[in-house]
1. Name, by its number, the condition in (1) at pLDDT 80 or above; (2) open to solvent by 10 Å² or more (accessible area, probe 1.4 Å) that does not hold for Leu18.
2. Which residue pairs have Cβ atoms closer than 7 Å, lie 6 or more positions apart in sequence or on different chains, and pair a first residue in the range 164-181 that is within 18 Å of Ile206 (Cβ to Cβ) and open to solvent by 40 Å² or more (accessible area, probe 1.4 Å) with a second residue that is modelled with pLDDT under 95 and of a type in the set (Gly, Ala, Ser)?
3. Against the definition (assigned to a loop (DSSP other than H, G, I, E, B) and either out of contact with any helix residue (DSSP H, G or I) (no Cβ under 8 Å at 6 or more places or on another chain) or over 16 Å from Phe217 (Cβ atoms) (or both)), how does Ile139 come out, yes or no?
4. Which residue is surrounded by the fewest Cβ atoms within 10 Å (Cβ to Cβ), if the candidates are limited to the range 283-311 and must be modelled with pLDDT of 75 or more and assigned to a loop (DSSP other than H, G, I, E, B)?
5. Using the structure shown, decide if Thr267 is surrounded by fewer than 24 Cβ atoms within 10 Å (Cβ to Cβ) and closer than 30 Å to Ile139 by Cβ.
6. Could you say whether any residue in the range 26-38 is at pLDDT below 80, open to solvent by 20 Å² or more (accessible area, probe 1.4 Å) and not in a helix (DSSP H, G or I)?
7. Name the residue, out of Leu89, Leu120, that is loosely packed, with under 15 Cβ neighbours inside 10 Å, at pLDDT below 95 and either aliphatic (A, V, I, L, M) or in a helix (DSSP H, G or I) (or both).
Amino acid sequence: MKTAKATTATRQRSLSALPVILLIIALATVLGFSSPYALSTQNLVNILNQQVSLILVTVGQVMVILTAGLDLSVGSVVSMTTAIVSHDLPFAVPLAIAAALAVGLVNAIGILRLGVHPILMTLSTMTAVQGIALFIRPIPGGQVPGWMTDYASAVYFGLPLPVICAAILVVIAGTVISRSRFGLHLMAVGASEESALLGGVNTGRIILIAYLMSSLFACLAGLNLAARLASGDPLVGTSFAIDSIAATALGGTQLSGGLGGVTGPVTGVLFLALLGNGLNLLNISTYYQMIIKGALLILAVSAHRRSQPGL
């Protein structure tokens with residue numbers, strides 16, 4: 001019975017990415033006729049390279065959303081990470097990772113021990129961590145270690161090294177979520193924490209790991225962004241929380257938890273990136289772009305109708 005249910009859930013997750021894939025195909029077709037540069041290899045590679053950080057943040061966000069949570073602090077973690085590593089110190093990267101994991105731990109403690117709603121808890125840490133980022137690096141600047149800039153500029157098989165590394169991480173995360181006991185437990189907690197607890201799942205540990213992984217992936221995104229910028233920026237991650245949630249919704253992952261995967265949300269990131277790039281190539285005003293993206297988000301969220309109160 002459990003195997004059948006798991007198979008059904010896997011099929012549902014794979015189907016959830018289909019609508020946004022069709023949207024990408026339709027959008028690519030339109031852009032291909034509208035601009036000769038839109039579908040060029042160089043442009044597509046540039047889009048992929050620019051979206052590596054958002055893809056990483058989205059993967060971590062998916063893990064939290066699957067537990068029926070939400071992590072609004074990921075953008076601040078990205079900013080804090082760039083601020084820390086822009087001080088070219090031997091221990092800057094380990095310090096950034098430790099700081100990010102501390103944020104995830106605080107989020108989990110507030111949710112599990114203090115009973116604070118995930119949105120309120122992560123909103124609080126988002127504000128606090130943003131303040132820490134500004135304290136560490138009040139204005140953009142500084143310098144990252146040389147190996148980071150070398151990593152950002154490296155190219156193998158015609159693809160930037162960050163794109164290759166992100167693809168490997170996405171495959172690993174997707175496999176863990178769709179084929180491991182941990183992934184099954186993530187969705188069990190999101191579907192019904194009480195039922196999961198009665199079924200022998202250590203729900204507290206699963207939620208703790210989800211928030212730790214969300215912060216860790218946000219830190220990796222910040223490291224990648226700092227490597228590309230070769231400096232730090234305390235406000236560079238401002239939009240990442242909303243963008244990762246939007247991509248997750250567009251990708252078909254259920255925002256109320258319990259059903260989803262990595263493929264759909266990552267495809268959602270690529271759709272938003274291709275849309276933004278295409279609108280820029282067509283010289284569409286930024287204001288109209290915001291309206292279009294907002295309308296798409298409303299449509300995506302409206303597809304996640306709830307049968308009970310909650311996220």
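1. (1) is the only condition that Leu18 fails.
2. Val176/Gly183; Ser178/Gly261
3. yes
4. Checking each candidate, the answer is Asn283.
5. Numbers: surrounded by fewer than 24 Cβ atoms within 10 Å (Cβ to Cβ): yes; closer than 30 Å to Ile139 by Cβ: no.
Criteria not met by Thr267.
6. yes
7. Numbers: Leu120 fails: at pLDDT below 95.
When all the criteria are applied, what remains is Leu89.
Here's the yes/no breakdown for (1) assigned to a loop (DSSP other than H, G, I, E, B); (2) among the aliphatic types (A, V, I, L, M); (3) open to solvent by 10 Å² or more (accessible area, probe 1.4 Å):
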| position | (1), (2), (3) |
| --- | --- |
| Ile209 | no, yes, yes |
| Ser215 | no, no, no |
| Gly222 | no, no, no |
| Leu225 | no, yes, yes |
| Arg228 | no, no, yes |
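The values are calculated or read from the model by the stated rules, or taken from the named source; none is laboratory data. Given the structure is predicted, the values throughout are model-derived calculations rather than measurements. Every residue, glycine as well, gets a Cβ built from its backbone with ideal geometry; the counts of neighbours run over all protein chains shown. These area figures cover heavy atoms from the full protein model, side chains too; ligands, DNA and RNA do not enter into them. Shrake-Rupley method; radii C 1.70, N 1.55, O 1.52, S 1.80 Å.
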